[in-house]
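K.L.:
Structure in C-alpha cells, see below.
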Ligand code: PLP
C-alpha cells in the first residue's frame with residue numbers, strides 16, 4: 001500500500017479513537033525505529049511502556065518463531081508446558097501465590113477487581129487515587145476515576161472512591177465497613193509521573209493489614225524492570241496482596257497477568273472468570289524470552305546505570321533551561337515537568353528524530369528501553385538540547 005492510501009484507509013475504515021501522529025513505522029531494532037520512507041528514529045518511549053527490551057528482541061523472536069512452528073493456540077481447558085513455565089517464573093520473581101492470565105492491563109485489573117469483590121463477600125468498595133489510570137474497560141475506568149476518560153460513558157460501575165494520592169489520612173477516612181481493597185500505581189504514569197512516598201505505601205500496607213483489605217498494586221507500567229527492580233513494589237519493602245502486569249512482559253505481544261498471594265489463590269473457582277486467549281503458548285514463549293533476556297543481559301543493572309546517567313544529563317539540561325521545573329521518576333521511568341505545555345517540545349523532538357511522550361499536559365515522559373546505551377542517551381539529550389534552545393529563542 002502507498003502512503004496516501006494507508007492514511008485514506010485509516011480515515012475511512014478505522015475508528016478514530018486515537019490522536020494519531022502521521023508516521024508509518026515498518027521496522028524496529030532495539031531503540032531504533034524506521035518509518036516507511038526509511039527515516040530512522042530514536043525511540044525513547046517504545047510502545048508506551050511495552051518496549052522494555054526495545055523493538056524485536058532476539059530472545060522474544062526466537063521463542064515466538066519456535067512456538068508458531070509447533071502449535072499456535074491451546075484453549076485454557078487444556079494444559080501446555082509454557083504457561084506452566086511462565087507462571088512458575090513469575091511467582092519465583094514476585095511472591096508465593098497464583099497467576100491468572102489475560103491479554104492487557106485493563107483486563108488484568110478487571111480480574112483483580114473481580115477477585116477483590118469475590119474475596120469481600122459483600123464488601124465491594126475499592127479505594128483508588130486521584131490522577132490514577134487503570135485502563136479503559138468499564139470497571140477499570142471507574143477505578144481510574146478521571147472525568148476526562150469517563151465523560152459520556154456514565155453510569156460508571158459503582159464501588160470506587162478516589163482519594164488524594166500520598167495522603168494517608170484521606171485513605172483512613174475513606175475506609176468504611178464496605179471497603180475491600182486499596183488499588184494504586186506506585187508511580188502514576190498517565191497521571192504525570194507521581195511517585196508514591198515510602199511512608200504512604202508502608203501506611204497503606206498497615207491499613208490493609210488492620211482492616212483486612214487487599215492491597216492491589218497496578219504494575220502494568222512500572223513492572224518488569226522499569227524502576228531497576230523487577231517490580232516497583234520491591235523498592236518499598238512491602239509485598240502486595242495482588243499485583244497486575246501487562247505491557248513490557250510480552251515483549252511486544254499482548255499479555256495481562258494478575259498475581260494474587262497464596263491465601264487468595266483459590267478465591268476464583270472454575271467458571272468464575274476466563275479469557276479465551278489469556279496465556280496462550282505464543283505469548284508465553286515471548287514473555288519467557290523477555291524474562292530470560294532480563295537475566296542473561298543484566299538488564300536491571302543496566303537500567304540503574306543508565307537511569308543515573310540520563311538523570312545526570314537531564315539535570316544539566318534543567319540548569320540551562322529554566323522552563324524545566326522538575327525532573328522526577330525512578331529507574332528509567334522519568335518525567336520532566338515543564339512550565340509550558342509539552343506538546344510542541346514532543347513535536348520538535350520528533351522532527352529531529354527522537355520519539356518521546358508528554359503526559360498530563362506539561363510532563364515530558366521518557367521511558368527508553370532498559371537496554372539503552374550511553375551513546376543513545378547522549379544522542380537523545382543532544383536532540384532535547386537543540387529542541388529547547390530553538391523553542392525558547
Ligand atoms: N494500568 C496502568 C498503570 C497503565 O499505564 C495502563 C495503560 O497505559 C493500563 C493499566 C491499561 O493497560 P492496557 O492499555 O493494556 O489495557
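Just so it is clear, none of the values below were taken in a lab; they were calculated from the coordinates. Keep in mind that this is a model prediction, so the values were computed, not measured. We place every Cβ from the backbone using ideal geometry, glycine too, and count neighbours over all the protein chains shown.
K.L.:
So between residue 178 and residue 48, what do we pick up on full extension, going 0.36 nm a residue minus the alpha carbon distance?
P.N.:
43.3 nm is the gain from fully extending residue 178 to residue 48.
K.L.:
If I model a spin label at residue 3 and residue 206 as a point 7 Å from the Cα along the Cα→Cβ vector, what separation in nanometres do I get?
P.N.:
Inter-label distance under the simple model: 6.0 nm.
K.L.:
If you stretched the chain out fully between residue 35 and residue 292, how much longer would it get, using 0.36 nm times the residue separation minus the C-alpha to C-alpha distance?
P.N.:
89.6 nm
K.L.:
Between region 165-200 and region 302-357, how many Å separate their Cα centres?
P.N.:
26
K.L.:
Once both labels are modelled 7 Å past Cα along the beta-carbon direction, what's the residue 347-residue 148 spacing in nm?
P.N.:
It is 1.7 nm.
K.L.:
I would also like to ask the following. Over the Cα atoms of the chain, compute the convex hull volume and normalise it per residue, giving Å³.
P.N.:
Per residue, the Cα convex hull of the chain comes to 154 Å³.
K.L.:
In deg cm²/dmol, rounded to 500, what helix-only [θ] at 222 nm does the chain give when every DSSP H run of at least 4 residues adds -39500 (n - 2.57) and the total is split over its residues?
P.N.:
-12000 deg cm²/dmol
K.L.:
Exposure proxy check: 165, 7, 44 ranked by fewest other beta carbons within 10 Å?
P.N.:
Going from sparsest to densest Cβ surroundings: 7, 165, 44.
K.L.:
Another question, if that's okay. Classify region 169-309 as rounded, prolate or oblate, taking a ≥ b ≥ c as the square roots of the eigenvalues of its Cα gyration tensor: rounded when a/c is under 1.5, otherwise prolate if a/b is larger than b/c and oblate if not.
P.N.:
oblate
K.L.:
Want the number for residue 70 to residue 312: 0.36 nm per residue separation, take away the alpha-carbon distance, what's left?
P.N.:
The span from residue 70 to residue 312 would gain 82.4 nm if fully extended.
K.L.:
In what sequence do 128, 17 fall when counting other Cβ within 10 Å, fewest first?
P.N.:
Ranking 128, 17 by Cβ neighbours within 10 Å, fewest first, gives 17, 128.
K.L.:
Report relative contact order for the chain in percent, whole number only (criteria: Cα-Cα under 8 Å, sequence separation at least 6).
P.N.:
For the chain, the relative contact order is 22 percent.
K.L.:
From the Cα trace of region 272-377, what convex hull volume per residue do you get, rounded to a whole Å³?
P.N.:
It is 166 Å³ per residue.
K.L.:
Among DSSP beta bridges whose residues both lie in the chain, state the antiparallel percentage, nearest 5.
P.N.:
65
K.L.:
Under 8 Å for C-alpha pairs, at least 6 residues apart: give me the relative contact order for region 77-184, rounded to a whole percent.
P.N.:
Rounded, it is 27 percent for region 77-184.
K.L.:
Once you place label points 7 Å from the Cα toward the Cβ at residue 26 and residue 93, how far apart are they in nm?
P.N.:
3.4
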